[in-house]
Amino acid sequence: MLEITGPGYRYCDGVSRRSFLRIGGLTLGSAAALTLADLNRAEAATGKRQQHKAVIHVFLGGGPPHQDMWDLKMEAPAEIRGEFKPIPTNVSGLEICEVFPKMAKVMDRCAVLRSIVGSSGGHDGFECLSGWPRRALANQGGQPSIGSVVARLNGPIDRAIPPSIGLAAPTAHSPWSEPGGPGYLGPSYAPFCPNAMGGAGGSRGEDVLRLKNLTLDRLQDRKRLLQVMDAQRRDLDRELSVQSRDAATEAAFDLLTSSKLADALDVSKESAKTRERYGDGKPYKFQYDGAPTCNDHLLIARRLIEVGARSVSLSYGRWDSHGDNFGLVRDHGAKLDQCLSALILDLEERGMLNDVTVIAWGEFGRTPVINKDAGRDHWPQVCGALIAGGGIRGGQVVGATNRLGEYATERPIQFREVAATLYHNLGVSTESVTIEDRSGRPQYIMDRTPPMPELVG
């Protein structure tokens, strides 16, 4: 890993975006592979690329309470119903929780999924980011995330912008900052994690080679040093593989020295009006071992998509509400209401919403019965999600739960169906496309699961 240090702008997670960029697998010498260089090789192999479709994955780590967000149960007893009241939306007959007044005004662009089943119960984002339980294909390194698959199939739009990016801020419970791992595709297709923010599968802080006081302006001096070191190795090894690695090294330096990525990460370049529209999500409350409510990550996600990223994942808040569930939802929900509605409208105004899918969901739901600490506990039996953009049919609810919010009564939705829909919106057919695993065996991306016909049919 290479770290470039220098002055810069600080974001809500306490990290300066201009202060450093880190690139997985880059070392001083030819002996090591370059993660981003491998992505550049993939770009060369893909040839003509598809139209730029993209996904922004907002992971609500901890398990948001479905019955206090998009699926209120007003006919349930008080010990289940909770404190919130429903409000109408701009879709006739569709009501959501009162803490989402801004989202209520854009629900015609969204679909609410109320009956997602099949959660493995793990406290991480693996199923949300890949569509698979973590144990799936474990003997081959595991199933890859959506971002890694798209990086493998389509490569980068621009060599200066990684196709898959994980923005998740560091969390004490590291699986909640999961960026979406590459699985059997290998580290070449791991998401790029600015500032080594990632959890499993992304760039990690302990792998960083620290080159203190090396700024972008001085990087070319280090580049010349690398060229000298490589020249010595080439005297001993002039095989084609070394020459190919040299070309990939040049491409990786193109990414490092380009201003595009640094500029996209710098929200100070946005107007004050836009930044105010998204908000900053402060003060951070209920964070504990989870992610902050970092609203500007959603703005950064839009900026990254705009310059060429295909997949951006982030972790928003800490929704593990075993105590004071209603205080948490009031805090997190109001902040999410602001930045998520801002993102949807921002994409629409820029003509991007039909090409960019936004999804917000967590790893499972929460118990119908409120516990003695005014909290809700883990409930893998059913959960919900909100999806917008990407050309889906908005203004609808898919699926239903029973009167108490215990289980799905209409249209149980599997995680793989949601993932297949995201792939469809990205231009990838889950029913026909295969990728070879480490043994050389072709694997269907989602075991030929089709996308949800309610959304894309």
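The values are calculated or read from the model by the stated rules, or taken from the named source; none is laboratory data. Here the structure is a predicted model, which means the values were calculated and not measured. Positions of Cβ are generated from backbone atoms using ideal geometry, with glycine treated the same way; all protein chains shown enter the neighbour counts.
Give the residue, chosen from A388, A374, that is touching a residue at least 24 places away in the same chain (Cβ under 8 Å), at negative phi and not polar (S, T, N, Q).
Answer to the check: A388.
Any chance you could count how many residues in the stretch 430-444 are under 23 Å from N354 (Cβ atoms) and in contact with a Pro (Cβ under 9 Å, 6 or more places away or on another chain)?
2
Which count do you get for residues in the stretch 165-191 that are farther than 26 Å from Y444 by Cβ and either small (G, A, S) or in a strand (DSSP E or B) (or both)?
Count: 5.
Only residues in the stretch 441-457 that are more than 14 Å from A111 (Cα to Cα) count as the first member; pair them with residues that are part of a loop (DSSP other than H, G, I, E, B) and not basic (K, R), Cβ under 6 angstrom, at least 6 apart or cross-chain, and list the lot.
That search, which allows pairs on different chains as well, returns Q443/D437; I445/T430; I445/V433; M446/G131; M446/T430; R448/E431; T449/T430; P450/E431.
Return a yes/no flag: does the stretch 74-81 have any residue that is over 17 Å from H332 (Cβ atoms), under 27 Å from the mean Cα position of the chain (by Cα), assigned to a loop (DSSP other than H, G, I, E, B) and in contact (Cβ under 8 Å) with a residue 60 or more places away in the chain.
The answer is no, given that none of the residues of the stretch 74-81 is over 17 Å from H332 (Cβ atoms), under 27 Å from the mean Cα position of the chain (by Cα), assigned to a loop (DSSP other than H, G, I, E, B) and in contact (Cβ under 8 Å) with a residue 60 or more places away in the chain.
Could you list all residues from the stretch 79-107 that are at positive phi and buried (at least 22 other Cβ atoms within 10 Å of the Cβ)?
Result: G82, single match.
Determine whether G394 is within 23 Å of D337 (Cα to Cα) and assigned to a loop (DSSP other than H, G, I, E, B).
So G394 fits the description; yes.
Looking at L298 and the list (1) part of a helix (DSSP H, G or I); (2) hydrophobic (A, V, I, L, M, F, W, C); (3) in contact with a His (Cβ under 9 Å, 6 or more places away or on another chain), which single condition is not satisfied?
(3)
What are the pairs, 6+ residues apart or on separate chains, where a residue within the stretch 88-105 that is closer than 16 Å to G399 by Cβ has its Cβ under 8 Å from a residue that is buried (at least 16 other Cβ atoms within 10 Å of the Cβ) and of a type in the set (F, W, Y)?
Close Cβ pairs satisfying both conditions: I96/W70.
Which members of the stretch 372-391 meet the condition of being out of contact with any Pro (no Cβ under 6 Å at 6 or more places or on another chain) and either loosely packed, with under 15 Cβ neighbours inside 10 Å or of a type in the set (D, E, K, R) (or both)?
K372, D373, D377
How many residues, within the stretch 304-344, are over 26 Å from S259 (Cβ atoms) and either out of contact with any Ser or Thr (no Cβ under 9 Å at 6 or more places or on another chain) or surrounded by fewer than 23 Cβ atoms within 10 Å (Cβ to Cβ) (or both)?
18
When the residues of the stretch 108-135 are filtered to those that are closer than 13 Å to V398 by Cβ and out of contact with any His (no Cβ under 9 Å at 6 or more places or on another chain), which remaining residue is surrounded by the fewest Cβ atoms within 10 Å (Cβ to Cβ)?
V117
Conditions tested, residue by residue: (1) of a type outside the set (K, R); (2) surrounded by 18 or more Cβ atoms within 10 Å (Cβ to Cβ); (3) at positive phi.
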{"position": "V356", "(1), (2), (3)": "yes, yes, no"}
{"position": "I370", "(1), (2), (3)": "yes, yes, no"}
{"position": "R393", "(1), (2), (3)": "no, no, no"}
{"position": "R403", "(1), (2), (3)": "no, no, no"}
{"position": "P412", "(1), (2), (3)": "yes, no, no"}
{"position": "T421", "(1), (2), (3)": "yes, yes, no"}
{"position": "V428", "(1), (2), (3)": "yes, yes, no"}
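Anything in the stretch 75-103 that is at pLDDT 95 or above and aliphatic (A, V, I, L, M)? List them, or say none.
Within the stretch 75-103, A76, I80, I87, V91, L94, I96, V99, M103 qualify.
If only one of S258, S244 is closer than 30 Å to V58 by Cβ and at pLDDT below 85, which one is it?
S258
Can you tell which of G317, G323, G333, G375 is more than 30 Å from R159 (Cα to Cα) and either under 17 Å from the mean Cα position of the chain (by Cα) or assigned to a strand (DSSP E or B) (or both)?
Result: G317 is the single residue among G317, G323, G333, G375 that is more than 30 Å from R159 (Cα to Cα) and either under 17 Å from the mean Cα position of the chain (by Cα) or assigned to a strand (DSSP E or B) (or both).
Go through (1) modelled with pLDDT under 95; (2) surrounded by fewer than 18 Cβ atoms within 10 Å (Cβ to Cβ); (3) not polar (S, T, N, Q) one by one and return the number of the condition G351 breaks.
Here G351 meets the rest and fails (1).
Name the residues in the stretch 261-273 that are of a type outside the set (D, E), within 10 Å of R303 (Cβ to Cβ) and surrounded by fewer than 17 Cβ atoms within 10 Å (Cβ to Cβ), would you?
Correct list: K269 only.
Would you tally the residues in the stretch 424-439 being without any contact (Cβ under 8 Å) to a residue 60 or more places away in the chain and under 22 Å from the mean Cα position of the chain (by Cα)?
Result for the stretch 424-439: 3.
Starting from the stretch 163-182, keep only residues that are buried (at least 22 other Cβ atoms within 10 Å of the Cβ), then list their pairs with residues that are of a type in the set (F, W, Y) whose Cβ atoms are within a distance under 7 Å, requiring at least 6 positions of separation or different chains.
If the second residue must be of a type in the set (F, W, Y), the pairs left are S164/F192; I165/F192; E178/F126; P182/Y189.
With respect to I87, is the statement that it is part of a strand (DSSP E or B) and not aromatic (F, W, Y) true?
So I87 passes the test.
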